[in-house]
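Below is one structure, written out as structure tokens; comments come after it.
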Amino acid sequence: MSRSTRTSAFTLVEVVVSSAVAVAIAAAAAGVLAAAFGAFGRVASGGRAEAAIERLDFFEALRADLASALPEPRSFEGDALSLRLLRLAAPPGAGGAGARAETVRWEPASGAARRVAERTGASAAETVHPFAPRFSYARYVPPPATNAPASLEWRDDWRRPGLPAAVRVASAAGTWVLPVTCFDPAAQEEGAAP
């Protein structure tokens, strides 16, 4: 008589199926954990990424305004909290064609900076940036000797003819200096009236 001995074991098919199910469960758990850690990182950062993007938008708009400022007499005025300038602006997508002068004001608005652009014959365009800056303005000071370099003199207000050489922007996030690229050095002579 023959007796057959059968031992209890898993077949190869059962092992492969159970491994596939375990891998699927592990992948789903890893996805849930990755999403949870990502959400935690966004909450822990306190919105720093969004704040950095908003600050970048603010600086890009202010840099563009300063780069297109017109060096006309009394075309630029500013104090510690606001500034007003006359600039040359082209319609969007015009590539410089049809450029017209517009007045741009940067002013405080409940812990933010409001940019108001006004063009003759057009409604005012307003943008609010959640960023509260303080401004100061630099002018070139001629050197006392002929071989010495010119220096910058910073002031909290600008009520002079012509444009400042640079605008310093300070906030809780730091301090930045933006050049006024269309400034008129002839209007910045030492004896110019404030």
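Restricting attention to the stretch 53-79, the residues that are in a strand (DSSP E or B) and open to solvent by 30 Å² or more (accessible area, probe 1.4 Å) total 1.
Only one of the listed residues (GLU60, GLU102, GLU126) is over 16 Å from the mean Cα position of the chain (by Cα) and within 20 Å of VAL180 (Cβ to Cβ). That residue is GLU102.
Could you check the stretch 133-162 and list, in sequence order, the residues that are in contact with a Lys or Arg (Cβ under 9 Å, 6 or more places away or on another chain) and either among the polar types (S, T, N, Q) or part of a strand (DSSP E or B) (or both)? The answer is ARG134, PHE135, SER136, TYR137, ALA138, ARG139, LEU152, GLU153, TRP154, ARG155, TRP158.
State whether one or more residues within the stretch 123-130 are outside any strand (DSSP E or B) and loosely packed, with under 13 Cβ neighbours inside 10 Å.
Scanning the stretch 123-130 turns up at least one residue that is outside any strand (DSSP E or B) and loosely packed, with under 13 Cβ neighbours inside 10 Å.
Pairing residues of the stretch 122-142 that are basic (Lys, Arg) with residues that are in a strand (DSSP E or B), at Cβ distances under 8 Å and at least 6 apart in sequence or on separate chains, gives ARG134/VAL169; ARG134/ALA170; ARG134/SER171; ARG139/LEU152; ARG139/GLU153; ARG139/ARG155. Taken over the stretch 80-111, residues that are assigned to a loop (DSSP other than H, G, I, E, B), at pLDDT below 90 and on the phi < 0 side of the Ramachandran plot amount to 7. Scanning the stretch 112-122 for residues that are exposed (fewer than 13 other Cβ atoms within 10 Å of the Cβ) and at negative phi yields a count of 2.
Among the residues of the stretch 131-163, those that are open to solvent by less than 20 Å² (accessible area, probe 1.4 Å), out of contact with any helix residue (DSSP H, G or I) (no Cβ under 8 Å at 6 or more places or on another chain), under 17 Å from ARG105 (Cα atoms) and not polar (S, T, N, Q) comprise PHE135, TYR137, TRP158.
The values are calculated or read from the model by the stated rules, or taken from the named source; none is laboratory data. In this text, all values refer to a predicted model and were calculated from it rather than measured experimentally. We place every Cβ from the backbone using ideal geometry, glycine too, and count neighbours over all the protein chains shown. For accessibility, only protein heavy atoms count, side chains too; no ligands or nucleic acids. Shrake-Rupley method; radii C 1.70, N 1.55, O 1.52, S 1.80 Å.
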